[in-house]
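A quick write-up on the structure given underneath.
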Amino acid sequence: VNAVAIVPAAGRGERLGFGVPKALVPVRGTALLTHAVRGLLDAGCVRHVVVAAPPTEVEGTAELLRAAGLTAAVVAGGADRTDSVRRALRHVVEIIPDARVVLVHDAARAFTPGAVIRSVVAAVAAGAPAVVPVLPVADTVKQVDPAGTVLATPDRAALRVVQTPQGFDTATLTRAYAEAGDSATDDAGLVEQIGVPVATVPGHHYAMKITTPFDLAIAEFILSAGEA
Ligand code: C5P
């Protein structure tokens, strides 16, 4: 199965302190977005990538990827992540009406192993309408009130940390984006809202979200170690 991948990278978040949006922060001289798109295309099961970029950066982003030898479509993102994915999804449905499997992948998870990408696509191809890569939780997790006082300790064995790419049957994701009322912090959350089951496959530590300078140091390590 050939999947189509959406990469929302339209945020202007500059929390990493490089003075550029996170997707453009370099690791070994190459932007996180470039690493992420290359990882998707190199996985061997993604035939098309659609990136949502800040509206003023569409041409610049397309040029960045072209210069890296990568073929990807770039569309203008929206006001928030959900809106950016919705716009990219509309583009996917327009240009590839027969795309049956769609992935949504964080640019910040730039070093996700190809094996994770392939197993998400394979699970959707095998019939799961929605699939997320997950890891067990190593730390005990507490639920707290706004003052920080502990309310409860959920059973750690039943908790998972969720990564991307998240994979969907295209019709299911399209319906979730059309029907889900509340916003969600991940795409599978919208699918859950419309009552569709979400399956899990094993993720990988290298699929970590790069958000802090510490994470960037880990990313340098991953790159020097090669893919798992
Ligand atoms: O800022 P935040 O961490 O919530 O962004 C999560 C992801 O969503 C980032 O990859 C960011 O580029 C993307 N995003 C987007 N369109 C927006 C805002 C954020 O694609 N308008």
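The values are calculated or read from the model by the stated rules, or taken from the named source; none is laboratory data. These numbers were taken from a predicted model, which means no experiment stands behind them. Methodologically, a virtual Cβ is constructed for each residue, glycine included, from the backbone with ideal geometry; neighbour enumeration extends over all protein chains shown.
When Ala184 is tested against (1) surrounded by 18 or more Cβ atoms within 10 Å (Cβ to Cβ); (2) under 15 Å from the mean Cα position of the chain (by Cα); (3) more than 30 Å from Leu223 (Cα to Cα), just one condition goes unmet, and that condition is (1). Which one of Val1, Val7, Val50 is away from the ligand (no atom under 14 Å from the Cβ) and either under 21 Å from Pro129 (Cα atoms) or basic (Lys, Arg) (or both)? One residue alone meets the criteria, Val1. Residues in the stretch 85-112 that are among the hydrophobic types (A, V, I, L, M, F, W, C) and surrounded by fewer than 20 Cβ atoms within 10 Å (Cβ to Cβ): Val93, Ile95, Ile96, Ala99.
No other residue among Val85, Val20 is within 16 Å of the ligand (Cβ to nearest atom) and touching a helix residue (DSSP H, G or I) at 6+ places or on another chain (Cβ under 7 Å) apart from Val85. If a residue has to be within 16 Å of the ligand (Cβ to nearest atom) and of a type outside the set (Gly, Ala, Ser) to count, how many in the stretch 98-131 make the cut? Total satisfying the criteria: 8. Looking across the stretch 40-60, the residues that are in contact with a helix residue (DSSP H, G or I) (Cβ under 7 Å, 6 or more places away or on another chain) and in a helix (DSSP H, G or I) come down to Leu40, Asp42. Quick check on Asp106: is it in contact with a Ser or Thr (Cβ under 9 Å, 6 or more places away or on another chain) and at pLDDT below 95? So Asp106 fails the test.
Which pairs turn up if I take residues in the stretch 205-228 that are in a loop (DSSP other than H, G, I, E, B) and look for partners that are aromatic (Phe, Trp, Tyr) with beta carbon separation below 9 Å, at least 6 apart in sequence or on another chain? Listed by first residue and then by second, the contacts come to Met208/Phe111; Ile210/Phe111; Glu227/Phe111; Glu227/Tyr206; Ala228/Tyr206.
Taking the listed residues Thr140, Thr164, Thr174, the one that is among the polar types (S, T, N, Q), in a helix (DSSP H, G or I) and either under 24 Å from Val201 (Cα atoms) or within 16 Å of the ligand (Cβ to nearest atom) (or both) is Thr174, with no other qualifying. The criterion of being away from the ligand (no atom under 13 Å from the Cβ) and either touching a Phe, Trp or Tyr at 6+ places or on another chain (Cβ under 6 Å) or more than 17 Å from Ala76 (Cα to Cα) (or both) does not hold for Arg15.
The combined condition, being surrounded by fewer than 18 Cβ atoms within 10 Å (Cβ to Cβ) and among the small types (Gly, Ala, Ser), is not fulfilled by Gly39.
Out of Leu103, Leu24, Leu64, one residue alone is among the hydrophobic types (A, V, I, L, M, F, W, C) and touching a Pro at 6+ places or on another chain (Cβ under 8 Å). It is Leu103.
Of Leu173, Leu223, all but one fail to be hydrophobic (A, V, I, L, M, F, W, C), modelled with pLDDT of 95 or more and surrounded by 12 or more Cβ atoms within 10 Å (Cβ to Cβ); the exception is Leu173.
If we scan the stretch 26-44, do we find a residue that is among the polar types (S, T, N, Q), away from the ligand (no atom under 16 Å from the Cβ) and at negative phi? Yes - at least one qualifying residue is present in the stretch 26-44.
Among the residues making up the stretch 70-127, those that are polar (S, T, N, Q) and in a helix (DSSP H, G or I) are Thr82, Ser84, Ser119.
Scanning the stretch 1-15 for residues that are crowded, with 24+ Cβ neighbours inside 10 Å, assigned to a loop (DSSP other than H, G, I, E, B) and either basic (Lys, Arg) or in contact with a Pro (Cβ under 7 Å, 6 or more places away or on another chain) (or both) yields a count of 1.
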